[in-house]
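J.: Structure below; questions to follow.
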Amino acid sequence: FSNPPTPSILANKTILNQGQSVTLTSNNCAGTVTWTGGQTTTSITINPSSSQAYQLTCSVNGCTGSASIIIFVLSPCENAYSISSPSFNLNGAANDLTVRASQTITVSNLLLNQAKLSLKAGKSITIQPGFFAESNTVFRAEIEGCTVSGVRRRTDSSTIINPFVVESAILPKIELNPK
C-alpha cells in the first residue's frame, strides 16, 4: 500500500490584469498530471478572462492526489477595490499589476522581490497599516478616473519611492485625494 501523491501548483503570479497570462506548473507529482481542462502536461499557460480556480490531479500507481490554485483577474475598472494580505501580496518581477477604480482603492498588502503595483483611482487611495514595499519594488499611486471602456481622466499624480512602510503606531492611514 502506498500513500497518495501530494502535488501542488506553482505559479509566478496569482493576480492578473485582464489580458495577462500565467503559467501553472505541477509540483511534487512523479506520475501523470491531468488539469481541469483535460491537459496532461506538467505545465499549462492560461489567459483567463475572470477569476477562477484551477485544479490538477496526480496519478501514481493507481493512487491519486489533487491540488488547486485560485487565479484572480482584475477587471479594468471597478467602483472600488480593497487589496489586502495575504491573498493579494505581490512577490517577484513577474508581478506587474495595475489596479483601476472609478472611486476608491484601499491597500494593506506586501510588495516583495521586484514586484510592481500601480494604483489609479478617481477619488482616493488609502494605504492602511500592513502595507509594505521592499526597496527593490515599484509602487505608484495616481488619482485618475476610469470608465468601463478604459477611458481615464487624470487629475493628480504621486509616486512613492521605496522603501515605504506604514506602521500603525506611527501613521495609521495615508490618503491621496484630488486637490
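The values are calculated or read from the model by the stated rules, or taken from the named source; none is laboratory data. Computed from a prediction, not measured in an experiment: that's the story for all the values here. All Cβ positions, even for glycine, are placed from backbone atoms using ideal geometry, and neighbour counts span all protein chains on display.
J.: For the range 40-49, check the following and say yes or no: at least one residue is surrounded by 14 or more Cβ atoms within 10 Å (Cβ to Cβ) and under 14 Å from the mean Cα position of the chain (by Cα).
T.: Yes: one or more hits.
J.: Could you list, in sequence order, all residues of the range 62-81 that are free of Cβ contacts under 8 Å to residues at least 60 places away in the same chain and closer than 22 Å to residue 11 by Cβ? So that I can check it myself, show each step before the final result.
T.: Taking the range 62-81 first, the residues free of Cβ contacts under 8 Å to residues at least 60 places away in the same chain are 62, 66, 68, 70, 72-75, 78-81.
The answer is 66, 68, 70, 72, 73, 74, 75, 81.
J.: Looking at the range 1-31, which of its residues are in contact with a Cys (Cβ under 9 Å, 6 or more places away or on another chain), at pLDDT 90 or above and exposed (fewer than 13 other Cβ atoms within 10 Å of the Cβ)?
T.: Passing the criteria: 6, 30.
J.: Which residues, taken from the range 1-26, are within 15 Å of residue 69 (Cβ to Cβ), touching a residue at least 24 places away in the same chain (Cβ under 8 Å) and not small (Gly, Ala, Ser)?
T.: From the range 1-26, those within 15 Å of residue 69 (Cβ to Cβ) are 6-16, 21-26; that's our starting set.
Cutting the leftovers down to touching a residue at least 24 places away in the same chain (Cβ under 8 Å) gives us 6-9, 11-16, 21-22, 24, 26.
Of everything in the range 1-26, those that are within 15 Å of residue 69 (Cβ to Cβ), touching a residue at least 24 places away in the same chain (Cβ under 8 Å) and not small (Gly, Ala, Ser) turn out to be 6, 7, 9, 12, 13, 14, 15, 16, 22, 24.
J.: Evaluate the following for residue 67: is it assigned to a strand (DSSP E or B), crowded, with 16+ Cβ neighbours inside 10 Å and aliphatic (A, V, I, L, M)?
T.: Working: assigned to a strand (DSSP E or B): yes; crowded, with 16+ Cβ neighbours inside 10 Å: yes; aliphatic (A, V, I, L, M): yes.
Yes; evaluated as a whole, the condition is true for this residue.
J.: Among all residue pairs at least 6 apart or on different chains, which show Cβ distances below 9 Å where the first residue, located in the range 128-152, is closer than 19 Å to residue 83 by Cβ and at pLDDT 90 or above and the second is of a type in the set (Val, Ile, Thr) and assigned to a loop (DSSP other than H, G, I, E, B)?
T.: Listed by first residue and then by second, the contacts come to 128/166; 129/166; 130/166; 131/166; 132/166; 139/161.
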